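The values are calculated or read from the model by the stated rules, or taken from the named source; none is laboratory data. Model, not experiment: these values are computed from the prediction. A quick note on method: Cβ atoms are made from the backbone with ideal geometry, for glycine too, and the neighbour counts reach across all protein chains shown. For accessibility, only protein heavy atoms count, side chains too; no ligands or nucleic acids. Shrake-Rupley method; radii C 1.70, N 1.55, O 1.52, S 1.80 Å.
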Amino acid sequence: MELFLRTLEQDLPRYEDEQVEIVINATAEGALRRLREQPIHLVITGLRLPDMTGIQLMDRIHDAEHRIPVLVTGCMDTLDGIVEAMRHGAFDYLVKPYERVTAVPRIHRAMRMSEILLSSVPIPQPRQPQPFNDIVCVSPAMRTVTGLIDAVAKVSATALIVGETGTGKELIAKAIHERSDERTGPFQVIDCTMFAEGTVESELFGHVRGAFTGAIADKRGLIESGSQGTVFLDEIGDIPLALQAKLLRVLEEGEVRAVGSTHPKKVHTRFIAATNQDLAEKVQKGEFRKDLYYRLNVMVIRVPALRDRKEDIPVLARYFINKYANDFGKPVPELHPSAVTELIAHPWPGNVRELRNVIERAVMLSQGHQHIDAQVIVSILQGVTKDPWVSGEYLLLPYSQAKEKILEEFNRRYISFKLANNQGNVTRAAVEAGLPRPYFHEIMRRYRRAA
């Protein structure tokens with residue numbers, strides 16, 4: 001292993017603008033002494049050491065609150081030991097025979113994680129002011145997205161944001177707005193799933209007095225309300241087919257015509273649309289207009305699922321820990337490396353929204369400066385501590401509050417399960433639940449606030 005690391009020394013990434021230095025220790029006690037004497041950013045250890053096991057070394061490192069990642073190494077016949085090491089909080093592993101093509105990216109990723117864990121703030125502090133206050137990320141995939149945000153913001157063309165439910169599409173739309181020439185105007189959010197079939201046209205485009213029964217006065221539509229700013233059309237794939245031609249005219253001509261009116265009005269608006277559906281597939285099925293699809297599909301930002309950018313999980317977790325500790329007026333608890341391992345291993349079908357809910361619960365349960373460890377995270381992910389029937393905490397509340405708490409927990413868990421069972425697709429989850437999509441979405445918004 002020593003010879004292999006020496007050959008990698010020049011290939012490894014630079015850290016804090018300095019070349020990586022590899023320090024070799026023959027024993028675990030020597031490594032622990034080294035950790036006390038000088039800053040170390042990454043530990044790579046075998047499972048069998050002269051004076052203790054690699055797992056014991058890792059436990060000693062964590063007990064001493066050295067917030068650094070540990071990589072374990074072993075052969076194919078020691079995979080059970082590697083799995084056990086991962087359960088004890090190892091960040092990653094290397095299997096012999098070592099290959100440069102696989103080892104370098106793993107060590108590179110661990111060193112990025114080291115910077116996160118060693119930081120005393122929720123996100124790594126860049127040398128330049130951080131331009132994205134709400135989009136917290138370090139992964140290459142999301143750095144690509146932030147680059148696209150800046151590029152899209154410089155032009156007034158319609159943009160389409162594509163990603164699973166809970167990935168933060170609205171945050172990205174708002175970031176585009178805040179960097180655009182329209183930033184002094186309103187940021188108008190229109191959820192295309194929230195309107196009943198008979199009212200959506202009036203809500204979007206407005207109506208004039210007498211246009212239909214109950215129209216006792218002129219009403220300005222949501223699109224017109226976003227004039228001089230940005231209109232964000234969330235879940236554009238759910239807009240009724242009959243209204244898509246009218247929306248296309250708005251996008252192309254910059255005009256809206258209220259229901260019952262013969263006079264169009266000019267609107268000066270940037271449009272951003274978002275969807276968690278495959279619009280190309282909907283076009284093939286005749287559920288979405290081809291011309292509208294091509295109009296939207298000019299500047300596309302694809303938001304990766306959280307499971308595809310695991311480097312961001314610890315960063316987001318610490319960001320939410322600080323946020324909720326502040327919200328609850330509690331001391332900021334530490335995130336134990338073993339908890340980081342559990343968070344990274346989880347598939348996160350609900351993406352950032354699900355992670356945020358888990359961390360919110362963990363902070364709520366934390367006592368003083370107690371660590372958030374693997375046991376806390378596992379229990380929350382398995383729904384043990386979330387279950388008010390198990391904890392009995394509802395018994396201490398007045399009847400009305402207890403009933404509300406039980407109902408809230410039921411809705412939260414039911415919606416989470418249906419979304420996870422349908423890979424985050426809201427339409428399919430609503431069908432499976434036997435609920436109209438707008439009603440399902442309303443429950444989802446109420447009990448699983450958007451990330």
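Checked against (1) more than 26 Å from residue 158 (Cα to Cα); (2) open to solvent by less than 70 Å² (accessible area, probe 1.4 Å), residue 277 meets all criteria but (1). Are any residues in region 262-274 exposed (fewer than 14 other Cβ atoms within 10 Å of the Cβ) and in contact (Cβ under 8 Å) with a residue 12 or more places away in the chain, and if so, which ones? The answer is 266, 268.
Among residues of region 408-437 that are free of Cβ contacts under 8 Å to residues at least 24 places away in the same chain and of a type in the set (Gly, Ala, Ser), those with a Cβ under 8 angstrom from a residue that is open to solvent by 40 Å² or more (accessible area, probe 1.4 Å) and not in a helix (DSSP H, G or I), sequence gap 6+ or separate chain, pair up as 430/436. Considering region 239-263, the residues that are under 11 Å from residue 223 (Cα atoms) and part of a loop (DSSP other than H, G, I, E, B) include one that is nearest to the chain's Cα centre (by Cα), namely 254. The condition of being within 20 Å of the chain's Cα centre (by Cα) and surrounded by fewer than 19 Cβ atoms within 10 Å (Cβ to Cβ) holds for only one of 213, 146, that being 146. Looking at 283, 259, just one residue is without any contact (Cβ under 8 Å) to a residue 40 or more places away in the chain, among the β-branched types (Val, Ile, Thr) and open to solvent by 10 Å² or more (accessible area, probe 1.4 Å), and that residue is 283.
Filter region 36-71 down to residues that are among the aliphatic types (A, V, I, L, M) and in contact (Cβ under 8 Å) with a residue 40 or more places away in the chain and give me whichever is surrounded by the most Cβ atoms within 10 Å (Cβ to Cβ). The extreme case among them is 70.
Just need a number here: residues in region 286-296 that are crowded, with 17+ Cβ neighbours inside 10 Å and more than 14 Å from residue 251 (Cα to Cα). Residues flagged as crowded, with 17+ Cβ neighbours inside 10 Å and more than 14 Å from residue 251 (Cα to Cα) within region 286-296 amount to 1.
The residues listed here are 27, 45; of these, the one that is under 34 Å from the mean Cα position of the chain (by Cα), modelled with pLDDT of 85 or more and of a type outside the set (A, V, I, L, M, F, W, C) is 45. Being open to solvent by less than 70 Å² (accessible area, probe 1.4 Å), assigned to a helix (DSSP H, G or I) and not aliphatic (A, V, I, L, M) is a property that residue 318 has.
You will find that of 449, 445, the residue that is at pLDDT below 75, open to solvent by 40 Å² or more (accessible area, probe 1.4 Å), assigned to a helix (DSSP H, G or I) and under 30 Å from residue 274 (Cα atoms) is 445 and no other.
If you go through region 168-185 and keep only what is open to solvent by less than 50 Å² (accessible area, probe 1.4 Å) and at negative phi, you end up with 169, 172, 173, 175, 176, 177, 180, 182, 185.
Just checking, which of 201, 197 is of a type outside the set (Ser, Thr, Tyr), more than 30 Å from the chain's Cα centre (by Cα), assigned to a helix (DSSP H, G or I) and modelled with pLDDT under 85?
201
Count of region 409-429 residues, restricted to those that are more than 30 Å from residue 162 (Cβ to Cβ) and at pLDDT below 80, is 1.
Residue count for region 297-308 under the criterion of being in a loop (DSSP other than H, G, I, E, B) and either in contact with a Pro (Cβ under 6 Å, 6 or more places away or on another chain) or open to solvent by 90 Å² or more (accessible area, probe 1.4 Å) (or both): the result is 1. In region 228-255, the residue that is modelled with the lowest pLDDT out of those that are among the aliphatic types (A, V, I, L, M) and open to solvent by 40 Å² or more (accessible area, probe 1.4 Å) is 242. Exactly one residue out of 201, 224 is open to solvent by 40 Å² or more (accessible area, probe 1.4 Å) and under 18 Å from residue 264 (Cβ atoms): that is 201. Taking the options 311, 360, name whichever one is at pLDDT 80 or above, acidic (Asp, Glu), touching a Phe, Trp or Tyr at 6+ places or on another chain (Cβ under 7 Å) and open to solvent by less than 40 Å² (accessible area, probe 1.4 Å). Only one candidate qualifies: 360. Among the conditions (1) touching a residue at least 60 places away in the same chain (Cβ under 8 Å); (2) in a loop (DSSP other than H, G, I, E, B), residue 216 misses just one, which is (1).
Quick check on residue 406: is it of a type in the set (A, V, I, L, M, F, W, C), part of a helix (DSSP H, G or I), modelled with pLDDT of 80 or more and open to solvent by less than 40 Å² (accessible area, probe 1.4 Å)? In short, no.
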